[in-house]
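Notes for the one structure printed next.
The values are calculated or read from the model by the stated rules, or taken from the named source; none is laboratory data. Every value quoted in this text rests on a predicted model; they were computed, and no experiment measured them. Cβ coordinates were reconstructed from backbone atoms using ideal geometry, including for glycine residues, and neighbour counts include every protein chain displayed.
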Amino acid sequence: MKSGKIPMRLCLGCNEMKPKRELMRVVKSPEGEISLDFTGKKNGRGAYLCKSRQCFDRARKSRRFEKSLACRIDDSVYEVMADELAAETENG
């Protein structure tokens, strides 16, 4: 039986290639709203990140979200994303 190809994506935090299903997506919607996408199905420009606070903090500090999504991100948006990440990792 032939096995399918596993899509790989680059984590903005640790800079490692990982299977797409292991990562979460940060999305910039066509309206310009930034949010976390745990399903991977939201419409818009996406960037990938490990589901860890450490990778989130590293990507935020080096402004990789802003470079990847080509926009300026407010600190309040980062706080909301950090809260969503904490809730998601807590629920597992």
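When every residue of the stretch 31-44 is checked against the conditions, at least one turns out to be surrounded by 16 or more Cβ atoms within 10 Å (Cβ to Cβ) and β-branched (V, I, T).
Only one of these is in a strand (DSSP E or B), under 13 Å from the mean Cα position of the chain (by Cα) and of a type in the set (A, V, I, L, M): A47, A59, A82. Name it.
Details: A59 fails: in a strand (DSSP E or B); A82 fails: in a strand (DSSP E or B).
Going through A47, A59, A82 in turn, the sole match is A47.
Scanning the stretch 64-79 for residues that are within 13 Å of the chain's Cα centre (by Cα) and part of a loop (DSSP other than H, G, I, E, B) gives no hits.
Residues that are farther than 16 Å from C55 by Cβ and small (G, A, S) number at least 1 in the following strands (runs of 3 or more DSSP E) confined to the stretch 1-43: 34-37. Scanning the stretch 4-40 for residues that are within 13 Å of the chain's Cα centre (by Cα) and at pLDDT below 90 yields F38, T39, G40. Within the stretch 1-30, residues that are surrounded by fewer than 16 Cβ atoms within 10 Å (Cβ to Cβ) sit with their Cβ atoms under 6 Å from residues that are assigned to a loop (DSSP other than H, G, I, E, B) and among the aliphatic types (A, V, I, L, M), at 6+ positions apart or across chains, in these pairs: P19/I6. Among the residues of the stretch 58-92, those identified as surrounded by 14 or more Cβ atoms within 10 Å (Cβ to Cβ) and out of contact with any Ser or Thr (no Cβ under 9 Å at 6 or more places or on another chain) are R58, R60, R64, F65, E66, S68, L69, I73, Y78, A82.
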